[in-house]
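**Q** Starting off with a structure, shown below.
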């Protein structure tokens, strides 16, 4: 897969790779080698969550030093975070949920975004607002593959990136659904590998995830 040019946002986050790593960075100096390992493993889209003080610095470093990465910001909760993330170099935005204020900020950001949903009413409301690509969160707790399969019939125009409780074994079941473009996950970033800076192991896990596809 050829990544978009570093200066351009992706047309769709859902089509970059089967798995989007959900990354929590506590030390910004880890961001570049971590991103290089994920990209080398075949996962160009990297969601850095805004859960730590190091997150924006990590996004800035990846955007500047890993040209083949498509770095985005996750856990975006406010218009201020939208602006700060895009300024830092984020090329897509992901939120666990949404409000009208947050949605309008993301829509005005100039980069693709995935607002989070967990109910049918939220999906319908976003479709009314012209949004067709969404994050389904928390995926397993909110009904998993059975719920998404039920949405595909009445709402085929909605596409999802399920995140939350998904692992290597269950990811292909999600990817087999017609309304799922990719899944988000943390399983390829084990805490012990991050603690020991075992980038080779993370590259291997990324390669395994990049090869995922529907079963059967």
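The values are calculated or read from the model by the stated rules, or taken from the named source; none is laboratory data. As the structure is a prediction and not an experimental result, all values here were calculated from the model. Glycine gets a Cβ as well: all are built from the backbone with ideal geometry, and neighbour counts include every protein chain shown.
**Q** Could you list, in sequence order, all residues of the stretch 56-76 that are in a loop (DSSP other than H, G, I, E, B) and closer than 20 Å to residue 160 by Cβ?
**A** 75, 76
**Q** Here's a follow-up. Which one of these is surrounded by 14 or more Cβ atoms within 10 Å (Cβ to Cβ) and over 25 Å from residue 176 (Cα atoms): 45, 17, 55?
**A** That would be 55, the only listed residue that is surrounded by 14 or more Cβ atoms within 10 Å (Cβ to Cβ) and over 25 Å from residue 176 (Cα atoms).
**Q** Here's a follow-up. Going by the conditions given, is residue 43 in contact with a helix residue (DSSP H, G or I) (Cβ under 6 Å, 6 or more places away or on another chain) and in contact (Cβ under 8 Å) with a residue 40 or more places away in the chain?
**A** yes
**Q** For residue 79, are the conditions met, namely being within 26 Å of residue 32 (Cα to Cα) and surrounded by fewer than 24 Cβ atoms within 10 Å (Cβ to Cβ)?
**A** No, not satisfied.
**Q** On to the next question. Filter the stretch 86-95 down to residues that are under 16 Å from residue 132 (Cα atoms) and touching a residue at least 24 places away in the same chain (Cβ under 8 Å) and give me whichever is surrounded by the most Cβ atoms within 10 Å (Cβ to Cβ).
**A** 94
**Q** Moving to a separate point now. How many residues are farther than 26 Å from residue 173 by Cβ and either part of a loop (DSSP other than H, G, I, E, B) or at pLDDT below 95 (or both) when one looks only at the stretch 12-55?
**A** 8
Conditions (1) outside any loop (DSSP other than H, G, I, E, B); (2) at pLDDT 95 or above; (3) farther than 25 Å from residue 31 by Cβ; (4) in contact with a strand residue (DSSP E or B) (Cβ under 9 Å, 6 or more places away or on another chain), marked per residue:
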| residue | (1), (2), (3), (4) |
| --- | --- |
| 174 | yes, yes, yes, yes |
| 184 | yes, yes, no, yes |
| 189 | no, yes, no, yes |
| 193 | yes, yes, no, no |
| 212 | no, no, no, yes |
| 215 | no, no, yes, no |
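**Q** OK, next. Would you be able to tell me the number of residues in the stretch 118-160 that are free of Cβ contacts under 8 Å to residues at least 24 places away in the same chain and in a strand (DSSP E or B)?
**A** So the count comes out to 0.
**Q** Identify, please: which residue in the stretch 98-114 is in a loop (DSSP other than H, G, I, E, B) and in contact with a strand residue (DSSP E or B) (Cβ under 8 Å, 6 or more places away or on another chain) and is, among those, farthest from residue 9 (Cα to Cα)?
**A** Result: 98.
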